1. Could you give me the residue pairs with C-beta distances under 6 Å whose first residue belongs to segment 128-155 and is farther than 18 Å from residue 73 by Cβ, whose second residue is in a helix (DSSP H, G or I) and among the polar types (S, T, N, Q) wherever it lies, and which are 6+ apart or on separate chains?
2. Output the residue which, of all residues in segment 41-61 that are farther than 17 Å from residue 124 by Cβ and of a type in the set (Ser, Thr, Tyr), is surrounded by the most Cβ atoms within 10 Å (Cβ to Cβ).
3. So in segment 38-59, with the set limited to residues that are closer than 21 Å to residue 160 by Cα and among the small types (Gly, Ala, Ser), which one is modelled with the highest pLDDT?
4. Which condition number in (1) out of contact with any strand residue (DSSP E or B) (no Cβ under 7 Å at 6 or more places or on another chain); (2) touching a residue at least 24 places away in the same chain (Cβ under 8 Å); (3) small (Gly, Ala, Ser) is the one that residue 104 fails?
5. Being of a type in the set (S, T, N, Q) and either surrounded by 14 or more Cβ atoms within 10 Å (Cβ to Cβ) or under 13 Å from residue 132 (Cα atoms) (or both) is the filter here; which residues of segment 79-114 pass it?
6. Taking the stated definitions as given, is residue 90 under 26 Å from residue 157 (Cα atoms), touching a residue at least 12 places away in the same chain (Cβ under 8 Å), of a type outside the set (D, E, K, R) and out of contact with any Phe, Trp or Tyr (no Cβ under 8 Å at 6 or more places or on another chain)?
7. So is residue 64 without any contact (Cβ under 8 Å) to a residue 40 or more places away in the chain, of a type outside the set (S, T, N, Q), farther than 19 Å from residue 122 by Cα and surrounded by fewer than 23 Cβ atoms within 10 Å (Cβ to Cβ) or not?
8. Could you say whether any residue in segment 78-86 is among the hydroxyl-bearing types (Ser, Thr, Tyr) and either out of contact with any helix residue (DSSP H, G or I) (no Cβ under 9 Å at 6 or more places or on another chain) or closer than 29 Å to residue 163 by Cβ (or both)?
Amino acid sequence: MGSCSVLTGFLEGCFSNGEASAIDARLLIVELNTPGGEVGSVMDIINLFDNSKIPVSLFVSPLGAQAWSGGTHVLMASHVAVMASGTTIGSAQPVLSTGETINASKYVNALVGLMRNHARLHGRNETLAELFVTRNINLGSEEALTHHIIDFIADDIPQLLRVLRGESNFLDPSRSLMNTFSTFRTALH
């Protein structure tokens with residue numbers, strides 16, 4: 001089973017079993033370190049994010065981690081995109097399971113459209129979103145922040161939460177901060 005399949009199953013449990021709602025979570029944090037995944041699994045994750053009543057923060061972590069290919073698609077679909085220092089995203093051109101690049105416009109254009117639509121939906125840089133797929137560009141955390149791909153940089157979850165607590169547009173300040181965060185960590189390799 002691919003790493004994205006494992007994450008998909010885990011997230012489906014969080015959403016469909018009501019685990020996040022049961023603890024009154026205001027944010028789900030998914031910590032990601034992945035070279036990518038199968039398109040079907042990536043689409044399943046994106047659909048879960050799109051239909052979630054609870055905002056999802058995708059956190060590329062720890063130092064040196066990457067969210068390449070499908071990981072970049074998932075990052076762009078998240079409500080709050082965060083990277084740790086020294087992490088990398090990009091290289092999202094589709095490939096076969098053998099690693100051979102797919103150049104057929106039908107597939108490339110579909111993934112470009114998906115990437116651009118999520119960039120637009122979350123106020124991110126649509127041009128760079130397209131270049132992740134068409135040119136396989138890669139960005140470090142500082143570049144991603146400068147070019148409006150991510151919302152901010154945090155080096156660990158406590159720092160991520162401190163930043164979010166100061167950002168009223170991310171979380172509803174009328175609700176208690178105690179016992180409201182559910183952190184789901186998945187280190188995918």
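1. 153/141
2. Per the stated criteria, the residue is 61.
3. So the residue we want is 57.
4. Here residue 104 clears every test but (2).
5. Result: 85, 87, 88, 91, 93, 109.
6. no
7. In short, yes.
8. Initially, segment 78-86 is screened for residues among the hydroxyl-bearing types (Ser, Thr, Tyr), giving 78, 85.
Still in the running and either out of contact with any helix residue (DSSP H, G or I) (no Cβ under 9 Å at 6 or more places or on another chain) or closer than 29 Å to residue 163 by Cβ (or both): 78, 85.
Looking for residues that are among the hydroxyl-bearing types (Ser, Thr, Tyr) and either out of contact with any helix residue (DSSP H, G or I) (no Cβ under 9 Å at 6 or more places or on another chain) or closer than 29 Å to residue 163 by Cβ (or both), one finds at least one in segment 78-86, hence yes.
The values are calculated or read from the model by the stated rules, or taken from the named source; none is laboratory data. A quick note: this is a predicted structure, and the numbers were derived from the prediction, not measured. Cβ: placed from backbone, ideal geometry, glycine included. Neighbour counts: every protein chain shown.
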